[in-house]
1. Kindly indicate the residue of region B:117-130 that is more than 16 Å from residue B:77 (Cα to Cα) and within 13 Å of chain A (Cβ to nearest Cβ) and also surrounded by the fewest Cβ atoms within 10 Å (Cβ to Cβ) among those meeting that condition.
2. Evaluate the following for residue B:107: is it surrounded by fewer than 15 Cβ atoms within 10 Å (Cβ to Cβ) and of a type in the set (A, V, I, L, M)?
3. Yes or no: region B:23-43 includes at least one residue that is within 14 Å of chain A (Cβ to nearest Cβ), assigned to a helix (DSSP H, G or I) and closer than 30 Å to residue A:170 by Cβ.
4. Check A:222, A:144 and return the single one that is within 26 Å of residue A:36 (Cβ to Cβ), in contact (Cβ under 8 Å) with a residue 40 or more places away in the chain, of a type outside the set (Lys, Arg) and crowded, with 17+ Cβ neighbours inside 10 Å.
5. Of everything in region B:60-100, what is more than 9 Å from every other protein chain (Cβ to nearest Cβ), β-branched (Val, Ile, Thr) and more than 30 Å from residue B:3 (Cβ to Cβ)? Give them in sequence order.
6. Does region A:192-211 hold any residues that are surrounded by fewer than 23 Cβ atoms within 10 Å (Cβ to Cβ) and under 17 Å from the mean Cα position of the chain (by Cα), and which are they?
7. Can you name the condition, by its number, that residue B:108 falls short on among (1) free of Cβ contacts under 8 Å to residues at least 12 places away in the same chain; (2) within 12 Å of chain A (Cβ to nearest Cβ); (3) under 24 Å from residue A:161 (Cα atoms)?
8. Would you pick out the residues in region B:138-167 that are among the aliphatic types (A, V, I, L, M) and in contact with a Lys or Arg (Cβ under 9 Å, 6 or more places away or on another chain)?
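Every read-out reported here was derived from the displayed coordinates using simple, explicitly stated rules and does not represent laboratory data. All values derive from a computational prediction rather than experimental measurement. Using ideal geometry, Cβ is built from the backbone for each residue, glycine included, and neighbour counts are taken over all protein chains shown.
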Amino acid sequence: MRSKTAKKLIKVLLAIAFWAVVWEAASFLISDNLKMFLPSPVIVVNTFFRLFGKSTFWAAVFYSFLRVFEGFALGVVCGIIAGILTGRLKAFDIILSPAMQVIRAVPVVSFIILAFLFIRVDILPIVVCMFMVMPIVWQTVNDELVGFDKGINEMAEVFKVKGFKKLLFVTVPTVSDAVISTILSGAGLAWKSGIATEVLCAPAVSIGKSLLKAKNLLNFDEVYAFTLTVIILSMVFEFLLKYLYSRRKARRIGNG
Amino acid sequence: MVDFKNVDFSYGEKAVIKDLSFTVASGKNLLLFGPSGCGKTTVARLIMGLEKPDSGVISAPDNVSVVFQEDRLIDNISVLKNITLPLCKEKYAFAKQLLAEFGLCDIAGKYPPSLSGGMKRRVAIIRAAAYGGDVIILDEPFNGIDKENINTTVAILNREYTDKGKSIILISHNKKDAEYFGADILELG
């Protein structure tokens with residue numbers, strides 16, 4: 001098991017090393033007047049670690065993380081509630097489902113521009129994250145409830161498992177795998193939409209504003225370093241969620 | 001008691017049961033026997049109230065227990081929770097006693113995906129036996145179960161149903177299965 005993990009890690013490190021070499025070569029070969037737009041990976045990594053020493057960097061990371069997390073969590077909660085309502089009650093299906101389909105289809109940039117007219121910039125990334133995550137969670141919850149396992153439903157009916165008990169021990173466990181899988185895929189989407197919103201709306205302390213500022217000052221090494229920061233944060237966030245889920249799943253499929 | 005009087009049932013255009021009448025008195029057991037598609041499981045579904053007859057009258061107790069043809073266990077909750085799910089707290093000890101009688105105490109905390117087919121089948125039987133009810137329906141209950149565990153199942157179900165004046169309705173392709181429960185045979189199809 002341990003050697004399998006080590007092999008996987010070596011493969012990942014080799015892939016990173018390969019692309020770093022490609023990047024370094026491209027940066028070396030590019031003409032001098034364009035070099036500022038493609039600094040070498042060594043410079044970017046140096047800048048990345050230099051940013052580590054700045055309190056403003058950590059404040060930006062903290063507040064951006066908080067906004068994305070809040071938006072993501074709200075999106076998950078609202079998506080689950082909306083999914084339960086449309087999956088169980090016809091009236092809510094008629095009213096809510098078209099709205100969810102529209103929200104899902106609206107390009108994120110259009111959404112940001114429109115929401116910008118009505119919502120404060122410091123909470124706009126939270127709202128955008130929420131509206132990006134909510135419809136995909138809603139869709140899965142709704143589909144899982146509409147197509148709920150007929151056999152399990154009949155079992156609950158015959159054994160008279162009803163109400164809250166049925167919801168907690170029959171419905172939720174049966175649909176949870178698909179819903180959790182969707183939530184995991186929504187984490188990456190939350191980061192992309194959250195940071196895009198910050199770049200367009202520039203809330204006071206944020207990675208997005210730092211990215212924008214670095215671009216305006218032509219500090220492209222910082223642009224790359226902040227991008228690297230977002231990638232790492234997004235990966236850590238997804239990793240933590242997947243880790244929690246895989247532990248739960250292993251307990252179920254493994255030896256109990 | 002289960003009583004069918006001139007019951008007809010069809011799935012759309014396809015008539016599955018025509019003018020079926022039978023009675024299973026309390027304390028009596030019945031084997032529903034016949035080829036695939038003859039309506040054995042449909043009769044069971046009618047008894048459980050999962051289907052309504054097109055015509056005729058069905059009389060059955062409100063508390064029917066069942067071992068479905070498929071195990072119908074919930075994957076994301078433990079074996080013990082699957083068994084105790086339909087039970088009131090007073091019956092938890094009885095459920096644990098049944099697990100012990102089947103020699104399955106050590107899997108109580110495990111989850112269905114980690115069990116073998118035979119184990120899942122026995123868990124479904126324990127769930128039904130622990131639930132009780134005046135009638136238990138067993139739809140092909142011995143699929144994937146070895147001889148020793150069939151004997152255990154038969155002994156426990158006879159103790160909990162036949163000996164207590166309740167009824168067992170067994171669905172099987174094998175006529176000899178009636179002998180396990182001293183059941184009358186109703187041939188369909």
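1. B:130
2. Details: surrounded by fewer than 15 Cβ atoms within 10 Å (Cβ to Cβ): no; of a type in the set (A, V, I, L, M): yes.
So residue B:107 fails the test.
3. Of region B:23-43, the ones within 14 Å of chain A (Cβ to nearest Cβ) are B:41-42.
Among the residues that remain, those that are also assigned to a helix (DSSP H, G or I) are: B:41-42.
After this cut, where a residue has to be closer than 30 Å to residue A:170 by Cβ as well, the list is B:41-42.
Yes, because at least one residue in region B:23-43 is within 14 Å of chain A (Cβ to nearest Cβ), assigned to a helix (DSSP H, G or I) and closer than 30 Å to residue A:170 by Cβ.
4. Working: A:144 fails: within 26 Å of residue A:36 (Cβ to Cβ).
Being within 26 Å of residue A:36 (Cβ to Cβ), in contact (Cβ under 8 Å) with a residue 40 or more places away in the chain, of a type outside the set (Lys, Arg) and crowded, with 17+ Cβ neighbours inside 10 Å holds for just one of A:222, A:144, which is A:222.
5. B:83, B:84
6. A:192, A:196, A:199
7. Of everything listed in (1) free of Cβ contacts under 8 Å to residues at least 12 places away in the same chain; (2) within 12 Å of chain A (Cβ to nearest Cβ); (3) under 24 Å from residue A:161 (Cα atoms), residue B:108 misses just condition (1).
8. Quick first cut of region B:138-167, residues among the aliphatic types (A, V, I, L, M) only: B:138, B:145, B:150, B:154-157.
If the condition is that a residue be among the aliphatic types (A, V, I, L, M) and in contact with a Lys or Arg (Cβ under 9 Å, 6 or more places away or on another chain), then B:145 is the only one that fits.
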